[in-house]
Amino acid sequence: MLPHEEIEKIACELAKAGETGELIQRITSRYPDATVEDSYAIQGVWRDQQLASGRRLVGRKIGLTSKAMQAATGITEPDYGVMFDDTVYENGSVIEFDKFLNVRIEVELAFVLKEPLEGPNCTIFDVLRATEYVTPALEVLNSHIELGGRTIVDTISDNAAYGAMVLGGRPVAPDAVDLRWVSACLYKNETIEETGVAAGVLNHPATGVAWLANKFHQHGARLEAGEIILAGSFTRPMWVDRGDSVFCDYGELGVISCRFL
């Protein structure tokens, strides 16, 4: 693994990039031998810095769980990051564009847990039992590292490219609908850009949550009651610019909208 002082240095670079809006050089271009373990160590130091500054953790995001996202990024394994209270937006929000870099939107479902969830043998049925409700969500991607040539190590280090989420639509009990067949149409400025079905996330969106619980078990941790878990996108990321309006129609689960200024 990278020396701890290098891990702390990179975490500080990422924190500064979040404040200044300036991209940093790819980690893997400077440290070609950096591993996935290094990237989670960097993310962990950055997370702890943010918590120490007063931010409150409200959940986790899972990424790269669908073939659409893996094809779009060239990365073939899931990853995860943390979500803080000041990154959660309500349906219809106007979002400050300059808070983010390389801004893109993904279509997801969010699982809100009523019970703790832990591995090592967590299944989708365990996830459904532990979930209070599932709701439509849009994830705002935010990359502080230059995109060209990035690898899973760069993405994970950068909190799995998480920026914010917009919650909306109609929350449902996890057994109220067949979650595999939740579909969505994503629009930018009244033009449809992407469509998808939630089964694209590992054949069932709860599979991603189970994967995360089992992954956490390897580190002696678990997902806690009350946490919001973004299960992964079932569309390709959609680029947005300042002034763009975003609208996503989830059919019987309602709609989400937001605008970037």
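The values are calculated or read from the model by the stated rules, or taken from the named source; none is laboratory data. As the structure is a prediction and not an experimental result, all values here were calculated from the model. Reconstructed Cβ throughout: ideal geometry from the backbone, glycine too, with neighbour counts over all protein chains shown. Just so you know, the surface numbers come from the protein's heavy atoms only, side chains and all, with ligands and any DNA or RNA stripped out. Shrake-Rupley method; radii C 1.70, N 1.55, O 1.52, S 1.80 Å.
Largest to smallest in accessible area, the residues S257, S157, S53 fall in the order S53, S257, S157 (1.4 Å probe, all protein chains included). Counted residue by residue at 0.36 nm each, then reduced by the alpha carbon distance between them, the extension gain from R129 to A173 reaches 14.8 nm.
Only one residue of V166, T151, L128 has its Cα farthest out toward the positive end of the dipole of the range 103-175, where Lys and Arg carry +1 and Asp and Glu -1 on Cβ, and that residue is V166.
Of C185, C12, the residue with the largest accessible area leads and the full order is C12, C185 (1.4 Å probe).
Using a probe of 1.4 Å on the protein chains alone, the accessible area found for Y31 is around 40 Å². When a 1.4 Å probe is rolled over the protein heavy atoms, the share of accessible surface on the chain that falls to carbon and sulfur comes to 49 percent.
Is the shape of the range 210-261 best called rounded, prolate or oblate, per the rule: a/c under 1.5 gives rounded, else a/b larger than b/c gives prolate, else oblate, with a ≥ b ≥ c the square roots of the Cα gyration tensor eigenvalues? Note, shape of the range 210-261 comes out prolate. Charge dipole (Cα centre; +1 on Lys/Arg Cβ, -1 on Asp/Glu Cβ; no other charges) of the range 1-62 amounts to roughly 400 debye.
Taking the Cα centre of the chain as reference, the dipole from Cβ charges on Lys and Arg (+1) and Asp and Glu (-1) amounts to some 220 debye. Ligands, DNA and RNA excluded, the heavy atoms of R150 present near 50 Å² of accessible surface to a 1.4 Å solvent probe. Here the simple spin-label model places points 7 Å from the Cα toward Cβ, and for R242 and T191 these points are separated by 2.0 nm.
A simple rule links phi to the HN-Hα coupling: the Karplus curve 6.51 cos²θ - 1.76 cosθ + 1.60 with θ = phi - 60°, which for the range 47-52 gives 4, 5, 4, 5, 5, 5 Hz, with x for Gly and Pro. In this structure, the residue pairs whose Cα-Cα separation is over 19 Å, taken from K16/K215; K61/K114; K67/K114, are K16/K215; K67/K114. Extension gain for N214-T35 works out to 62.4 nm (0.36 nm per residue, less the C-alpha to C-alpha distance). When the residues H217, H144 are ordered by accessible surface, computed with a 1.4 Å probe over the protein chains alone, the sequence from largest down reads H217, H144. For the chain, the solvent-accessible area works out to 43 Å² per residue, with a probe of 1.4 Å and every protein chain left in place. Projecting the Cα atoms of L64, G226, H204 onto the dipole axis of the chain, where Lys and Arg carry +1 and Asp and Glu carry -1 at the beta carbon, places H204 farthest toward the positive end.
Computed about its Cα centre, the charge dipole of the range 203-258 is approximately 280 debye, with only Lys, Arg, Asp and Glu carrying charge at their Cβ.
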